[in-house]
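The values are calculated or read from the model by the stated rules, or taken from the named source; none is laboratory data. Values in this document were obtained by computation on a predicted structure and should not be read as measured data. Glycine gets a Cβ as well: all are built from the backbone with ideal geometry, and neighbour counts include every protein chain shown. For the accessible areas, the whole protein counts, side chains as well, though only heavy atoms, and no ligand, DNA or RNA atoms are used. Shrake-Rupley method; radii C 1.70, N 1.55, O 1.52, S 1.80 Å.
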Amino acid sequence: MLTGSSSRNNTTNLSLIGPKIEGLRQTFAAGHTKNIAWRITQLKQIKKLVVEQQEAILLGLQKDLGRCDMESWTAELGGVISEVEHTVKHLKKWMKPRKVSTPVVTQPASSYVLPEPLGTVLIIGAWNYPILLALGPLIAAVSAGNCALIKPSELSPNTSALIAQQIPKYLDQQAVAVVEGAVDETSELLKHQFDHIIYTGGELVGKVVMRAAAEFLTPITLELGGKSPCIVDSNTNLEVTAARIVWSKFMNAGQTCVAPDYVLVEKCFAPQLIEAIKVKIEAFYSANISESNDYGRIVNGRHFSRLVTYLEGQNIVYGGDNDADSSYIQPTIVLDPAVDSPLMEQEIFGPILPIITLENIQQAVPFVTKRAKPLSLYLYTKDKNFEQVVLKQTSAGMVCINDGFMFAANPNLPFGGVGASGMGAYHGKTGFDNFSHLKTIMKRSFWFDIPLRYPPFTSSKFTLLKKLL
Ligand code: NAD
């Protein structure tokens with residue numbers, strides 16, 4: 001296992017960063033990224049990169065995250081390919097002027113919204129899905145006619161190196177650039193002016209990015225995380241619920257921003273749910289999970305230690321095995337951890353599933369609303385009334401009823417958080433709009449010019465105006 005290591009020194013010389021950004025700004029100013037033909041070519045090249053380089057990408061992901069090929073393909077490469085296809089199919093329509101109605105008071109006129117690119121976009125990616133989180137925002141940025149600079153995460157160095165090597169071979173080098181590195185390089189990037197920044201990662205650095213963006217009044221998209229609750233009503237299909245919780249929690253060894261962080265369930269139903277989850281874990285990964293090729297590894301020693309520390313003093317009802325040398329942590333279930341323990345105060349981002357028991361499932365609502373707004377919320381229930389209660393009384397970036405993060409596979413749905421889990425969203429047309437300025441346009445006619453609004457103001461003009469407005 002090569003977790004967190006790379007044979008090359010993945011950093012870009014700091015002195016090259018300014019000129020790279022300047023080059024992108026000049027390209028944008030030249031105007032050719034606005035053409036639909038250029039955008040479509042770049043999008044198709046992103047797909048070509050992923051298809052032609054898939055062996056190398058899958059290997060990089062295996063080295064960085066110990067992830068199996070099928071999981072990497074479905075969660076990352078497949079996601080990039082389908083996002084490109086969806087965007088190419090709809091781009092012409094998205095770029096068109098969007099006509100809106102014109103009220104009587106502004107007649108005769110026509111009113112519309114015209115999407116225009118913003119300029120140069122900085123994409124700061126995270127390590128857990130390093131291909132998807134770099135190329136996904138790139139698809140949106142390029143589709144909107146922008147230049148882009150990608151800064152992949154240094155914690156997935158093999159994929160970062162691959163992105164840096166392959167992007168210039170497939171895409172317009174004048175318009176899309178890559179800077180590799182860690183804090184120093186990102187800090188240097190943030191000293192420069194961009195027209196939009198999209199950052200994927202944790203809350204603390206999100207604040208650093210937001211502060212830096214404020215200096216230039218640069219709009220930002222923050223794709224953050226948080227503790228995504230999973231409410232399980234006893235009125236559910238137990239077997240399917242358990243399978244879907246295990247799939248969404250333990251994919252990528254729990255290192256998924258939209259993984260269910262913890263489960264809320266009624267005390268009397270908890271033993272059945274825990275048993276069903278155990279059965280599914282072993283059905284998916286075998287009883288000897290450390291030998292399973294389908295189960296991933298923790299990205300590095302720092303995250304491994306953080307996760308193992310979360311288990312100290314907890315009531316582990318399943319799992320708990322771990323091995324620092326191979327960055328392995330067994331899928332683990334913790335029953336009723338103290339709500340003020342680090343396990344319940346921090347985002348887990350690993351293969352530990354706390355199960356919190358409640359006297360009554362209705363108590364799940366105040367449990368969720370007392371905490372920061374999560375990126376996603378999962379509800380398993382057949383009770384339509386309870387479904388409405390949860391939907392109306394809680395807030396989350398995204399919700400899936402009766403499954404894990406399947407919403408991420410629908411490009412018609414925005415992907416993003418709310419409150420502490422982020423701001424702005426992308427995927428599909430939402431992504432195109434996110435990286436566009438939706439320019440307001442009203443075209444008036446010279447046909448007739450009613451003098452009602454012009455001085456001198458008379459009481460009859462005023463009376464008529466109040467009636468019209
Ligand atoms: P990370 O360590 O890869 O950091 C993200 C980026 O921030 C990297 O490119 C890194 O170089 C940069 N960075 C780190 N420290 C910095 C600093 N001091 N100044 C400037 N830049 C800095 O990723 P992470 O933070 O460990 O990511 C995990 C978090 O990301 C979790 O909270 C997870 O939920 C969230 N996440 C969210 C999404 C989403 O789409 N909403 C997706 C993936 C991960």
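Remarks
- Within segment 386-429, the set of residues being among the aromatic types (Phe, Trp, Tyr) and in a helix (DSSP H, G or I) comprises Phe386, Phe407.
- Residue in segment 191-206 that is nearest to the ligand (Cβ to nearest atom), counting only those that are in a helix (DSSP H, G or I) and open to solvent by 10 Å² or more (accessible area, probe 1.4 Å): Val205
- All of (1) open to solvent by 40 Å² or more (accessible area, probe 1.4 Å); (2) within 16 Å of the ligand (Cβ to nearest atom) hold for Lys93 with one exception: (2).
- Listed by first and then second residue, the pairs with beta-carbon distance under 6 Å, at least 6 apart or on different chains, first residue in segment 205-229 and in contact (Cβ under 8 Å) with a residue 12 or more places away in the chain, second in a helix (DSSP H, G or I) and among the acidic types (Asp, Glu), are Leu224/Glu203.
- In segment 126-135, the residues that are of a type in the set (Gly, Ala, Ser) and open to solvent by 10 Å² or more (accessible area, probe 1.4 Å): Ala126
- All positions within segment 153-187 that are open to solvent by 40 Å² or more (accessible area, probe 1.4 Å), more than 21 Å from the chain's Cα centre (by Cα) and over 17 Å from Thr27 (Cα atoms): Gln165, Lys169, Asp184, Ser187
- All told, Asn146 falls short of being near the ligand (Cβ under 9 Å from one of its atoms) and buried (at least 23 other Cβ atoms within 10 Å of the Cβ).
- Beta carbons closer than 8 Å, at least 6 apart along the sequence or on distinct chains, pair a first residue in segment 437-449 that is assigned to a loop (DSSP other than H, G, I, E, B) with a second that is open to solvent by less than 100 Å² (accessible area, probe 1.4 Å) for Ser445/Pro108; Ser445/Ala109; Trp447/Pro108; Phe448/Pro108.
- The single condition from (1) in contact with a Ser or Thr (Cβ under 7 Å, 6 or more places away or on another chain); (2) over 30 Å from Val105 (Cβ atoms); (3) hydrophobic (A, V, I, L, M, F, W, C) that Phe435 fails is (1).
- The residue that is nearest to Leu43 (Cα to Cα), among those in segment 66-86 that are of a type in the set (Asp, Glu) and open to solvent by 60 Å² or more (accessible area, probe 1.4 Å), is Glu85.
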